[in-house]
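Every read-out reported here was derived from the displayed coordinates using simple, explicitly stated rules and does not represent laboratory data. From a predicted model like this one, the values you see are computed outputs, not experimental measurements. Every residue, glycine among them, receives a Cβ derived from its backbone with ideal geometry; neighbour counts consider all protein chains shown.
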Amino acid sequence: MKYSPLKELQISRIGLGAVQFGIDYGINNSTGQVSYEGILQILSFAHDKGVNFIDTSRYYGSSEENLGRALKELNLVDAFTVCTKLDLPKNYVELPEKALLQTASDCLEKSSEMLGLETLPVYLLHTYDYKKHLDGILWDFLVEKKQNGAIGHLGVSIANGPQEALESLEDPDVDVIQIPYNLFDHRWHKEGILEKAVEKGVAVFNRSTYLQGLLVMGKEKAAEKLPSAVPYLERLKGFVDKKGLSKKELIASYVFSEPSITSTVVGVDSLKQLKENIILYGSGLIEEDTRRSLESMFSDVPDSIVNPSLWDNKK
Ligand SMILES: NC(=O)c1ccc[n+]([C@@H]2O[C@H](COP(=O)([O-])OP(=O)(O)OC[C@H]3O[C@@H](n4cnc5c(N)ncnc54)[C@H](OP(=O)(O)O)[C@@H]3O)[C@@H](O)[C@H]2O)c1
């Protein structure tokens, strides 16, 4: 396993996405939420393979609760750097300042309690909108929490494209950004986000390697779930068939070959998928001409496909 720095921490190049530990997640999901027994197996195996980073959120159903319980049972609480997120109710903009700060404080404390961690190692705003609200009152509150030791490292999860990332990177209190990044999504390179993050010493986590499973979905199911993606999936199939490549290896190597990404958070529904992802992680770097071909072939994939929050059937 390779490791990259997040300030003083060393983070494994492959991280574990834990939304699947708390809800039935993903456009392609047929197995439902991972069982508690499954969580124990996944965490043990991940630890044995050197994975030391997990991404969760207060918003992912029972994810934090199951994760905290399982890490304690396995005696692995200190073996993982856990990242969780601030999630507020949908009507947060209507809350008066005092109630808003109390809600944020409750969210943070609940995460600490559920995860059994006095200091949350990495804490993100689940949406960039929180950062701008009321002149940054929530962000200032979290910066103070970091100074008091309740938070180790602070950052922002980006959903709506490079502008949010660019603005986040201007803030010296941002230690981390999380972005969706995969072979359909070239917005970050076009806007120089990854280079800028490296320049500023900000760690970059990526999600959406499989676009929730869409990238490995068969044509018929894709036509039912997200018909607008079918021409791009067909283009990808044509490319791998012509080049004699494995589609999954291509998807994984595109992401794992990007040196400015600190950790790729991959969500799994089973131990089998984790085992496969760890093998895929080691399958080698993408060739430069293949990378260039992908960048030109998929430069026109619209936001309505690369941003799952715009999908009609989102979960
Ligand atoms: N805004 C945010 O901060 C945010 C938003 C979303 C997710 N996340 C985080 O990112 C993590 C990953 O979520 P994501 O949306 O980015 O999903 P993803 O990693 O792109 O895709 C995960 C899905 O891909 C499929 N998969 C994984 N390994 C596979 C394999 N080897 N072969 C075939 N299919 C495989 C599984 O779905 P099927 O088995 O159902 O096909 C799995 O649920 C989450 O767990 C969460 O921690 C964060």
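Identify all residues within the range 66-75 that are among the hydrophobic types (A, V, I, L, M, F, W, C) and assigned to a helix (DSSP H, G or I); write none if there are none.
The answer is 67, 70, 71.
If the requirement is being in contact with a strand residue (DSSP E or B) (Cβ under 6 Å, 6 or more places away or on another chain) and either under 24 Å from residue 157 (Cβ atoms) or away from the ligand (no atom under 14 Å from the Cβ) (or both), which of these qualifies: 309, 263?
Values: 309 fails: in contact with a strand residue (DSSP E or B) (Cβ under 6 Å, 6 or more places away or on another chain).
Matching residue, one of 309, 263: 263.
For the range 22-29, indicate whether the set of residues that are within 24 Å of residue 151 (Cβ to Cβ), among the hydroxyl-bearing types (Ser, Thr, Tyr) and touching a residue at least 60 places away in the same chain (Cβ under 8 Å) is non-empty. Among the residues of the range 22-29, not one is within 24 Å of residue 151 (Cβ to Cβ), among the hydroxyl-bearing types (Ser, Thr, Tyr) and touching a residue at least 60 places away in the same chain (Cβ under 8 Å), which makes the answer no. For the range 53-65, residues that are assigned to a helix (DSSP H, G or I), surrounded by 24 or more Cβ atoms within 10 Å (Cβ to Cβ) and more than 9 Å from the ligand (Cβ to nearest atom) total 1. Yes or no: the range 216-234 includes at least one residue that is among the charged types (D, E, K, R) and under 24 Å from residue 14 (Cα atoms). The answer is no; no qualifying residue exists. Residues in the range 1-21 that are part of a loop (DSSP other than H, G, I, E, B) and near the ligand (Cβ under 9 Å from one of its atoms): 1 in all.
Of all residues in the range 268-298 being farther than 15 Å from residue 236 by Cα and of a type in the set (Ser, Thr, Tyr), which is nearest to the ligand (Cβ to nearest atom)? That would be 270.
Restrict the check to the range 32-39 and report whether at least one residue is crowded, with 17+ Cβ neighbours inside 10 Å, hydrophobic (A, V, I, L, M, F, W, C) and away from the ligand (no atom under 11 Å from the Cβ). The answer is yes; a qualifying residue exists.
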